[in-house]
Amino acid sequence: MSGGLNIYVLVKQVPDTGSKAGLNPDGTIDRAKAKRMLNPFDRFALQAALHAKRSYGGKVTAISMGPPPAVEILLECLEHGVDEAYLLSDRRLAASDTLATAYALHKVLNYIGKPDLIFCGLQTTDGDTAQVGPQIAERLGLPQVTYCEDFHMEDGKVHARRIIEGGYQKVVAETPLLITVANSYHPLEYKSFRGAWRVRRLARDQDELKKFIHTIDLDLVSADPERTGLKGSPTIVAATEKVGELGGSCKMHEGQSAHELVADVLKASDLNQFLVGSSK
Amino acid sequence: MSEQPDVSAFCPKGDVLVIAEQILGDLQPVTLELLGAGRLLADKMERNLKCLVLGYNLGDMPQKLIEAGADEVFVADDKELFSYRTLPYRRVVVDFLDSLPEPPHTCLLGSTTTGRDLAPRISAHFETGLTADCTELDIGPYEHKNKVDPSKIGLYPNCLYAIRPSFGESLKARILGPWKNPQMATTRPGVMTPNKHEAGRKGKITAIPVKLIPEDHRLIVADTVREISKGIKLTEADVIIGGGYGLGSADGFDLLRQLADTFENSAIGASRKVVDLGWIPYQHQVGQTGKTVRPKLYIACGISGAIQHRVGMSKSGMIIAINKDPDSPIFKFAHHGIVGDIYQIVPEMIKQFKEIQSGKGVEAVVGSH
């Protein structure tokens, strides 16, 4: 195929904190039992990548890094219309921090081919750093648009709108470009019945599936194992401590009616000092 | 006494550097907070607190930064730096750090749309550790024993402790990376305490060169718009009315806006779920993946109070929670709780608050004792 855009979307499988399964009574996560899901932020990146393909032509490739079960989210990406997927899975990646993760993923991008557009979620719900996208852009020497909430292409350039504190920036960028997509972008559309059916059929035949989801390792992408995992990570988690008890005792208000309840709160709190016109 | 490993190589001097943030010449509050946090770190190590500010026609901003606690301010003032752009800002910061005889010990940025855009580029360039969204910073010792990488084993006396809530868990993680300077961190706006303003405080101001290359202009800013009038300044509001899934629909926020209007300097917050559902824009999101706020009063309407939301608002002065479900976690940490229907309670609140404002309600409240 010639002329089309080479579009990549980077996705991650994270524990599902919305589900009660795998949640210990104290609020910590039992990662073995926890359900897994596509990082919610990545759904916006996926939508953006598919939108770029539909509007401007090309091919969307999803890339993930993680243990073998992460294939599940790549299947989900295929169901939504992604053309092909790669899973970088290698024991030597364990305990990688953001810098080591970005190193490994930029090697995958270099291995697969020349990107025009790389979409990432704003951040993940488990790491919550928003660092990997920009760190990949740095490794690849690319410009970036973070917090992107809308974009279109004109004369081969990307016109994007990005959130800033109390407003927004409108930017025009050359490709290749890395974009991290904000939650205020369009939500992921429902998967088409045909797409989902095609993938379900694919998934029944492992050999057929391997043509669409490639599981690769560090050696294949010529990544230096010394620069990944614990060794390649400049940061470590040195200690964790329990967050202290919060708030304290909640006074539960009682009353027969909404009127009584609100009156009771007003009586017990001094919130009226914050009302309009109450400041000295 | 046990033999201590030689740590001199791991303990380079280096100062504490804060990278300031301004939008269209408007110094961002997080910079003052960073100077507060940075001052404590620098004093603890007996180092200097330095600040780098980038922009155009910055005027007296460098002096303001000194009055806010910086010992020395480096200024990159250039037309090309008027609006924040990743590549030009990155170039100036990288060149500046390269020009120093030794890298700073610590480098701090705000965990804002700018700081979170720039900091990872700097950290990836220098291959140094970066911890996002810290809620506490400190300096302390660390002994590394893990044998996976023997070159790292040793006792490190002055490490940056970058402390942040750990995902979905009621834990705080202390993250550090003393092996390479600068040790980098971004901090959440609204969390650190600024220094007391010291008018006329003296410090050194040094202009630094700005040398961009054509590749730095692969992205241009067509427009920067600040929606001041819309006033979604969540982190600066005294009162926040937060809405959650219990509202039932996006229309619920109309009711919350009416409630917010009865308060001075108020804003609307939201849980992630309703932002994801598109009921309200992302800018309103409070919590782990949104903003951290500490208003004087937070009224949580239909918010269950999951940890992801709690970490963003639990430091509020007073929390009033309204929820249908008496077992909602929010009642574990709110100060006042009402079990009930938002659509009955909130209109009643608006009614009684308006009565107080018009003078009628005061008696009613006092009289009901």
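The values are calculated or read from the model by the stated rules, or taken from the named source; none is laboratory data. Because the structure is predicted, anything quoted here is derived from the model rather than measured. Virtual Cβ from ideal backbone geometry, glycine too; neighbours counted across all protein chains shown. Ligands, DNA and RNA are stripped out before the accessible areas are found, and what is left, the full protein with its side chains, is counted by its heavy atoms. Shrake-Rupley method; radii C 1.70, N 1.55, O 1.52, S 1.80 Å.
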Just one of (1) open to solvent by 40 Å² or more (accessible area, probe 1.4 Å); (2) under 17 Å from B:GLY38 (Cα atoms) trips up B:THR135, so point out which.
(1)
Restricting attention to region A:74-133, which residues are without any contact (Cβ under 8 Å) to a residue 60 or more places away in the chain and out of contact with any strand residue (DSSP E or B) (no Cβ under 9 Å at 6 or more places or on another chain)?
A:ARG91, A:ALA102, A:HIS106
Could you tell me whether region B:128-150 includes any residue that is in a helix (DSSP H, G or I), over 27 Å from B:ASP43 (Cα atoms) and out of contact with any Asp or Glu (no Cβ under 6 Å at 6 or more places or on another chain)?
yes
What are the residue pairs meeting all of these: first residue in region B:41-62, first residue at pLDDT 95 or above and open to solvent by 10 Å² or more (accessible area, probe 1.4 Å), second residue of a type in the set (D, E, K, R) and assigned to a helix (DSSP H, G or I), Cβ atoms under 7 Å, and 6 or more apart or on different chains?
B:TYR56/B:LYS79
Restrict the check to region B:152-162 and report whether at least one residue is within 21 Å of B:THR112 (Cα to Cα) and within 9 Å of another protein chain (Cβ to nearest Cβ).
yes
Here is a check on your reading of the model: is A:LYS231 surrounded by fewer than 19 Cβ atoms within 10 Å (Cβ to Cβ), in a loop (DSSP other than H, G, I, E, B) and within 9 Å of chain B (Cβ to nearest Cβ)?
yes
Matching residues in region B:175-205 - criterion: being more than 9 Å from chain A (Cβ to nearest Cβ) and either without any contact (Cβ under 8 Å) to a residue 40 or more places away in the chain or over 21 Å from the mean Cα position of the chain (by Cα) (or both):
B:PRO178, B:ASN181, B:LYS196, B:GLU198, B:ALA199, B:GLY200, B:ARG201, B:LYS202, B:GLY203, B:LYS204, B:ILE205
Count of region B:247-260 residues which are open to solvent by less than 50 Å² (accessible area, probe 1.4 Å) and out of contact with any Ser or Thr (no Cβ under 7 Å at 6 or more places or on another chain)
8
Hits in region B:93-125 (condition: more than 7 Å from chain A (Cβ to nearest Cβ) and among the acidic types (Asp, Glu))
B:ASP95, B:ASP98, B:GLU102
Restricting region B:63-74 to residues that are in contact with a Lys or Arg (Cβ under 9 Å, 6 or more places away or on another chain) and under 16 Å from B:HIS197 (Cβ atoms), the one surrounded by the most Cβ atoms within 10 Å (Cβ to Cβ) turns out to be B:ALA70
When B:VAL339 is run through (1) more than 8 Å from chain A (Cβ to nearest Cβ); (2) of a type in the set (A, V, I, L, M, F, W, C); (3) open to solvent by 50 Å² or more (accessible area, probe 1.4 Å), the failure sits at (1)
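Please pick out the residue among B:ASP149, B:ASP71, B:ASP133 that is more than 12 Å from every other protein chain (Cβ to nearest Cβ), over 13 Å from B:GLY177 (Cα atoms) and of a type outside the set (A, V, I, L, M, F, W, C).
After applying the criteria, what remains is B:ASP71.
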Result of the Cβ filter at 7 Å on region B:324-346, keeping first residues that are in contact (Cβ under 8 Å) with a residue 60 or more places away in the chain and partners that are open to solvent by 10 Å² or more (accessible area, probe 1.4 Å) and part of a helix (DSSP H, G or I), at least 6 apart or interchain, is B:LYS324/B:GLY246; B:ILE342/B:GLY246; B:VAL346/B:LEU255
Out of (1) farther than 19 Å from A:GLY127 by Cα; (2) open to solvent by less than 10 Å² (accessible area, probe 1.4 Å); (3) within 8 Å of chain A (Cβ to nearest Cβ), what's the single condition that is false for B:THR128?
(1)
Inside region B:97-125, can you point out the residues that are in contact (Cβ under 8 Å) with a residue 40 or more places away in the chain and open to solvent by 50 Å² or more (accessible area, probe 1.4 Å)?
B:SER99, B:GLU102, B:PRO103
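Let's see how each residue does on (1) at pLDDT 90 or above; (2) assigned to a helix (DSSP H, G or I); (3) at the interface with chain A (Cβ under 10 Å from one of its Cβ atoms):
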| residue | (1), (2), (3) |
| --- | --- |
| B:LYS315 | no, no, yes |
| B:ASP327 | no, no, no |
| B:PHE331 | yes, yes, yes |
| B:LYS351 | yes, yes, yes |
Candidate set: region B:79-92, residues that are surrounded by 17 or more Cβ atoms within 10 Å (Cβ to Cβ) and among the basic types (Lys, Arg); chosen: the one farthest from the other protein chains (Cβ to nearest Cβ):
B:ARG91
Could you please let me know if B:GLY278 is without any contact (Cβ under 8 Å) to a residue 40 or more places away in the chain, surrounded by fewer than 19 Cβ atoms within 10 Å (Cβ to Cβ) and either more than 10 Å from chain A (Cβ to nearest Cβ) or not in a helix (DSSP H, G or I) (or both)?
yes
Across region B:118-169, what is the number of residues that are hydroxyl-bearing (Ser, Thr, Tyr) and modelled with pLDDT of 95 or more?
4
Restricting region B:261-272 to residues that are crowded, with 20+ Cβ neighbours inside 10 Å and not polar (S, T, N, Q), which is farthest from B:LEU297 (Cα to Cα)?
B:ARG272
So the check is Cβ under 6 Å with 6+ separation or different chains; which pairs have a first residue in region A:229-257 that's of a type in the set (D, E, K, R) and a second one that's at pLDDT below 85 and surrounded by 15 or more Cβ atoms within 10 Å (Cβ to Cβ)?
A:LYS231/B:ASP149; A:GLU241/B:LYS172
